Amino acid sequence: MAEYKTLVKKIPVSPDKKTKQKDYLKKGRLPIVDQGQSLVGGYTDDADMAVKCELPVIVFGDHTRAVKYITFPFGAGADGIKVLQPKENILPLFLYYATQYIVAKMPNRGYARHYQYVEKEDLPVPPLPEQERIVARIEELFSQLDAGVETLKKTKAQLAVYRQAVLKEAFSSELSSKTVEIREIVDDIRIGPFGTMLHKSDYISGGVPVINPQHIKSGKILPSASVTVSEEKARDLSAYRLQTNDIIMGRRGEMGRAAAITDVENGWLCGTGSILFRLKPNFDAGFYAQILSSPDVVHYLEEHATGTTMKNLNEDIVQYIPVPFVTAEMQRDITVKMDCKMSVCDSIEHTVDLALQQAEAMRQSILKNAFEGRL
C-alpha cells in the first residue's frame, strides 16, 4: 500500500496562467480544462497559457471532485484544479481509475476542498504488468456498460421526441378553431421576485419550496429540499405565491418548461427564473401547461426570447403567446387523452432513469472490485 500523494507529481499552475471563466472563448487554439463536469470548459487563443507538463495527466476538481484524463495540451481554468502527473512505474490510466475509486468512496464535503483528503488515501500499487491487466479489465467492463448506457440515453431522447409529437398532433389537429393571445385567458402574468427581493442567504432546508426552471421537468414540478424559504419569507413574497390552477413556466434557458399547479404545490413560491400565469375560471392549467410546452409555442418563444448566451422571457413577450380558445369540456377531453399517452412515457422514463442509476452504481462496483483485488 502507498499513500496517493507518493504516486503523483503535482504540477503547479501560477495565477497568471489561469484563464477566468468570463474570458473563455467558444472556439480557440488551446482548450481550457477547469473543475466543471465537461472535459473542456472553453478555449483561449493565447498559446502561452498552456500548462507545462508531461502528458497524459489527471486533472482533479478540488471543489467539484471531477476527475479528468487529459492527453492533449491545455490551459488551466480559474482556480480549484490539481494537475497530477503519475510518477515512474505508475501507469497513467491506473492512476486515473484509482482516483475515481477514491473519490467515489469518500464523503462529498460540498464546496470544500477535497484533494487534502484524496492525497492521504492508501492504494495498492502492483507491478506494471498487473496495473496493465487491471486497466484492460476495467476498460473492457466499462465499454460494455457504456454501450448499455448509450442505448438508455437514446431511449430517453426518443421519448422526448415522442412527447413533442404527441403534443403537436393534439394541438394542431384538434385545436384548429379560435386562437387568442394568452393574456385574454389569464388574470395575471408575473415574473418571480428579483434578486434584490430573494437572496441566496434566504434559502433554508425544509421550508416553502421555491420553483425555478430546473425544478420543472416533463410537465411536473420536482422541488429541491435545499431551495426553500421560511414561512415568514414566503409571506413577505405573498405576491409570488402559487395557487391551484396557476401555470409556472421557466423563463430562462430551455424554452417550454411548464407545469400546472395542483393542490400539492399551492402556496409554494414562483422563483426568480420562472414566470406564473394565473388563469381565469373555466381554463384548466393542466391543459394549457401542455399547450405552453408544445412545439409551436416553443418555436414562438425561441423566436421572441431575448439574449444570446441564455434565452430570456418577460411579460411583454409571453402575454402574446397564441393559444387555442376552447370550451372547458374539450379541455377536459383532450387532457384525459394526453394524460393517458404521457403516463406511458412517464413509466418508461422512470424505468430508464432507474437503469441509469444502476449503471452508475455498477461502474463504482467495478472500480471497487478492481482496487480491492477482486477483479
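The values are calculated or read from the model by the stated rules, or taken from the named source; none is laboratory data. Since this is a predicted model, take the numbers as computed values, not measurements. Note that each Cβ is placed from the backbone with ideal geometry, even for glycine, and that neighbours are counted across all protein chains shown. These area figures cover heavy atoms from the full protein model, side chains too; ligands, DNA and RNA do not enter into them. Shrake-Rupley method; radii C 1.70, N 1.55, O 1.52, S 1.80 Å.
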request  = For segment 229-243, name all the residues that are out of contact with any helix residue (DSSP H, G or I) (no Cβ under 6 Å at 6 or more places or on another chain) and either touching a residue at least 40 places away in the same chain (Cβ under 8 Å) or not hydroxyl-bearing (Ser, Thr, Tyr) (or both).
outcome  = GLU231, GLU232, ALA234, ARG235, ASP236, LEU237, ALA239, TYR240, ARG241, LEU242, GLN243
remark   = Only unsatisfied item for ASN108, checking (1) in a loop (DSSP other than H, G, I, E, B); (2) of a type outside the set (Gly, Ala, Ser); (3) in contact with a helix residue (DSSP H, G or I) (Cβ under 6 Å, 6 or more places away or on another chain), is (3)
inquiry  = When the residues of segment 51-60 are narrowed to those that are within 15 Å of LYS17 (Cβ to Cβ) and either among the basic types (Lys, Arg) or open to solvent by less than 30 Å² (accessible area, probe 1.4 Å) (or both), which ends up nearest to the chain's Cα centre (by Cα)?
reply    = VAL59
ask   = Looking only at segment 45-63, which residues are in contact with a helix residue (DSSP H, G or I) (Cβ under 7 Å, 6 or more places away or on another chain) and in a strand (DSSP E or B)?
value = ILE58, PHE60
message = Could you go through segment 268-277 and let me know if any residue there is open to solvent by 30 Å² or more (accessible area, probe 1.4 Å) and closer than 20 Å to ILE321 by Cα.
response = no
request  = State the number of residues belonging to segment 64-83 that are touching a helix residue (DSSP H, G or I) at 6+ places or on another chain (Cβ under 7 Å) and either in a loop (DSSP other than H, G, I, E, B) or farther than 17 Å from GLU132 by Cα (or both).
outcome  = 7
message = Just checking, does segment 87-102 include any residue being among the aromatic types (Phe, Trp, Tyr), under 24 Å from the mean Cα position of the chain (by Cα) and assigned to a loop (DSSP other than H, G, I, E, B)?
response = no
ask   = Out of all the residues in segment 111-157, which are among the basic types (Lys, Arg) and within 14 Å of LEU95 (Cα to Cα)?
value = ARG133
request  = Return yes when ALA136 is open to solvent by 40 Å² or more (accessible area, probe 1.4 Å) and either within 25 Å of the chain's Cα centre (by Cα) or not small (Gly, Ala, Ser) (or both) and no when it is not.
outcome  = no
request  = Given the conditions (1) open to solvent by less than 50 Å² (accessible area, probe 1.4 Å); (2) at pLDDT below 95; (3) not in a strand (DSSP E or B), report the number of the one that VAL180 does not fulfil.
outcome  = (3)
Odd one out for VAL326, checked against (1) open to solvent by less than 30 Å² (accessible area, probe 1.4 Å); (2) at pLDDT 90 or above; (3) part of a loop (DSSP other than H, G, I, E, B) = (2)
inquiry  = Filter segment 183-204 down to the residues that are without any contact (Cβ under 8 Å) to a residue 12 or more places away in the chain and hydroxyl-bearing (Ser, Thr, Tyr) and list them by number.
reply    = THR196, SER201
message = Tell me whether segment 366-373 contains one or more residues that are surrounded by 16 or more Cβ atoms within 10 Å (Cβ to Cβ), farther than 18 Å from VAL161 by Cα, in contact with a strand residue (DSSP E or B) (Cβ under 8 Å, 6 or more places away or on another chain) and not small (Gly, Ala, Ser).
response = yes
request  = Starting from segment 343-363, keep only residues that are at negative phi, then list their pairs with residues that are of a type in the set (Val, Ile, Thr) whose Cβ atoms are within a distance under 7 Å, requiring at least 6 positions of separation or different chains.
outcome  = VAL352/THR155; LEU356/VAL149; ALA359/VAL149
message = Which residue is farthest from the chain's Cα centre (by Cα), if the candidates are limited to segment 289-315 and must be in a helix (DSSP H, G or I) and closer than 24 Å to SER238 by Cβ?
response = GLU315
key: Filter result (within 22 Å of the chain's Cα centre (by Cα) and of a type outside the set (Asp, Glu)) within segment 21-38   = GLN21, LYS22, TYR24, LEU25, LYS26, ILE32, VAL33, GLN35, GLY36, GLN37, SER38
query = When only residues in segment 103-133 that are in contact (Cβ under 8 Å) with a residue 60 or more places away in the chain and among the basic types (Lys, Arg) count, which is least open to solvent (accessible area, probe 1.4 Å)?
reply = LYS105
remark   = Within segment 139-148, residues in contact (Cβ under 8 Å) with a residue 40 or more places away in the chain and either surrounded by 17 or more Cβ atoms within 10 Å (Cβ to Cβ) or among the polar types (S, T, N, Q) (or both) come out as LEU141
note = Condition set among the small types (Gly, Ala, Ser) and modelled with pLDDT under 95, scope segment 248-267, selection surrounded by the most Cβ atoms within 10 Å (Cβ to Cβ): answer is GLY256
